[in-house]
1. Out of curiosity, is A:Tyr94 within 8 Å of chain B (Cβ to nearest Cβ), of a type in the set (Ser, Thr, Tyr), under 21 Å from B:Arg11 (Cα atoms) and not in a helix (DSSP H, G or I)?
2. Here are the criteria: (1) under 19 Å from A:Tyr213 (Cβ atoms); (2) in contact (Cβ under 8 Å) with a residue 40 or more places away in the chain; (3) surrounded by 14 or more Cβ atoms within 10 Å (Cβ to Cβ). Tell me which single one A:Arg53 does not satisfy.
3. Just to be sure, is B:Asp85 surrounded by fewer than 19 Cβ atoms within 10 Å (Cβ to Cβ), of a type in the set (Asp, Glu) and farther than 18 Å from B:Leu121 by Cβ?
4. What is the residue count in the stretch A:43-60 for residues that are at the interface with chain B (Cβ under 10 Å from one of its Cβ atoms) and on the phi > 0 side of the Ramachandran plot?
5. What tally of residues in the stretch A:9-54 results from selecting those that are touching a Lys or Arg at 6+ places or on another chain (Cβ under 6 Å) and in a strand (DSSP E or B)?
6. Are there any helices (runs of 4 or more DSSP H) wholly within the stretch A:104-207 with 3 or more residues that are exposed (fewer than 15 other Cβ atoms within 10 Å of the Cβ) and not basic (Lys, Arg), and if so which?
7. Return the pair list, or none, for Cβ contacts closer than 6 Å from residues in the stretch B:203-215 that are surrounded by fewer than 20 Cβ atoms within 10 Å (Cβ to Cβ) to residues that are among the aliphatic types (A, V, I, L, M), at least 6 apart or on different chains.
8. Hey, could you check the stretch A:35-62 for residues that are small (Gly, Ala, Ser) and at pLDDT below 90 and say which is nearest to the chain's Cα centre (by Cα)?
Amino acid sequence: MKSNDQEIIVSVAGLQKSYGEVEALKDMNLEVRAGERFGLIGPDGSGKTTLLRLLIGLLVPGGGEARVLGFDPVTQAEKIKSDVGYMPQRFSLYPDLTVAENLQFFAQVYRIPKAERLRLTERLLKFSRLGPFQDRRAGALSGGMKQKLALSCTLIHTPRLLILDEPTTGVDPVSREEFWNILDDLRRQGVTVLVTTPYMDEAALCDRITLVYQGKVLASGIPDEVAASFPRRIVQVFTPQPQETARALAGVCGSGAAQLFGDRVHLAVTDVDVCLRETRARLIAAQLPFTAIREGKPSLEDMFVHLIQQPTTND
Amino acid sequence: MLKPNLIPIIRKEFIHIRRDPRSLLIIIIMPLMQLILYSYAINMDVRDVKLGVLDESRTPASRDLLRRFTGSGYFLQRAALDTRDDVEPLFRQGSVKAVLVIPRDYAESIRRRTSTPVQILVDGSDSNTGAIILNTAQQLLTAASMDLSAAGYVPFQIRANIWYNPEQKSTFFIVPGLIAVLMMMICALLTSVTIAREKETGTLEEILVAPVRPFELIIGKVTPYVVLASMDALLILLVGRFWFGIPFRGSPLLVAGFSLIYLLSALSLGVLISTLARNQQIAMMIANLGTMLPSILLSGFIFPISSMPKWLQVVTLIVPARYFLEIIRGILLKGNGFDVLWPQAAFLLGLSVVLLAVSVKRFKVRLE
């Protein structure tokens, strides 16, 4: 797999899609390379799901072009399907079928020969640690287990490309971590993964990311580089009263809205030294307590918040 | 072209049915309940009609006439009236459904060979029953007057004879009709709901990205219902034949063949409805309004098409159950063959083909 690392598995150029009056995708561009884990990052309604559905041929684009494994999803969807695993955002397996029955069904639908079917099912049950639950109805599984089952069904035909739509949304933190460990295993096996997530901490786990907002690409690249390309600097305020602090610091030294990160408040500023002084002064004046004020490394979230606060230029 | 991969989808559908109490209820309990309800509760037979008698003649001749009524099995004498003013209160209370009025000069005019009116009054508030009572009473009276006029001259007896259903048993009419209604219900309702469910729960998205072709999905999903609907039809036929004693005069093969054409139309309707409905609830509603009601009300199942207003008669032309009813009643009760039933068969087939074409065309491989 290492030899063709630079092979482009998915390419999207100027892709557009509207639902009636609503423009879900305005101008989407990205490239996914073989063997990498590619993250599509953006809030709800930014067009992530629409893009994935276009790639798998479930929707027809209004304009632009897409290529998946060298095929056109509009006219050659059938060719794409056998090599791609797609996991929709909503848990969509049969709740009245057991774990094993769901796996069997998808194995049969993907025309996997009987002998291989049993071997694959067993391997996936082990891999997803669902073995002890194989006779439980899917509807009775916990959220995390449901997602692992959905992933297992998606993997039943050993696809080259895995497309996952917010696989960890609504899943507890322990299961989330476990899920990403499984994705690590897949990467080692050379499976290319295109994953969407609204969580910035998950974005950092990807090889490359694209930040999308309102159907457009805001930035893309290696997560650290995207974060480092942040045009401003970050002042962090550690405080026991983050909400009041954020309100009090709104607009200080041209920072725009202050962002809340747990017990921290982030300010995006241009001149750090001036701002450290002004911030301290304002907090003392407002009689708000704080434990520290210092410059911090911009995170992906800072970048993202900054990008979506930019006035949109042409629409 | 890969060879069709139907087995997993069919097998999965059977698992769904087995584990869903609602569909089991519709498939197993509903046919039996409807059979009982329609055959016993909505009984349109006239038996033991409560009769009031206003015998002004009070002669052996008038008692003779009355015996014809009470001895026929159709009427039970419940009241003896003295004047005409008694009629209305009895009708109002519902204690009699018909009143026989024998005039004072009844015996006298028989003797003199002159004509005299014998009157039958019928409670028409239930028009269906009323019409049947009137019909029965008229037959009895006609027979009586024929007997009288023929007495001593030509000893023949006139008997009104209603073909196919001489005892006017409504079960003969209802049970074949029930097959039409139930097949429509199971096929159209359940298939539309099962496809809508895949849409609603999002599993359709998962299947559409798998290498499953639309026809595999549709055929795989409807096959179990074809099997179950056929079994239900057979069940009703058997119960009808051996419990209700309904004749089976025509060819069973012909019944099977036409049933398949009819099933095709019902399934196409089901698939069509599933393409219109976003979720199970809506599918069920459309199926009820669009297939169940017409199959019961506009097919001639209970209400004769000939007594509907003209525009409604035109509407019945697109109700598949209408044709199938004519076919199955024709085969069972009259022993009709293909030579008689081909126009209905042609209409039904045409309708099925159109519905199938529309539903397959509307069934999308994509999400929008």
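1. Judged against the criteria, A:Tyr94 is a match.
2. Failed condition: (2).
3. no
4. So the count comes out to 1.
5. Final tally of qualifying residues: 8.
6. Filter on the stretch A:104-207 gives A:114-127, A:173-188.
7. Close Cβ pairs (under 6 Å, with a partner that is among the aliphatic types (A, V, I, L, M)) amount to B:Pro214/B:Val365.
8. A:Gly42
The values are calculated or read from the model by the stated rules, or taken from the named source; none is laboratory data. Owing to the predicted nature of the structure, the values given are computational and were not obtained by experimental measurement. Note that we place each Cβ from the backbone using ideal geometry, even for glycine, and neighbour counts take in every protein chain shown.
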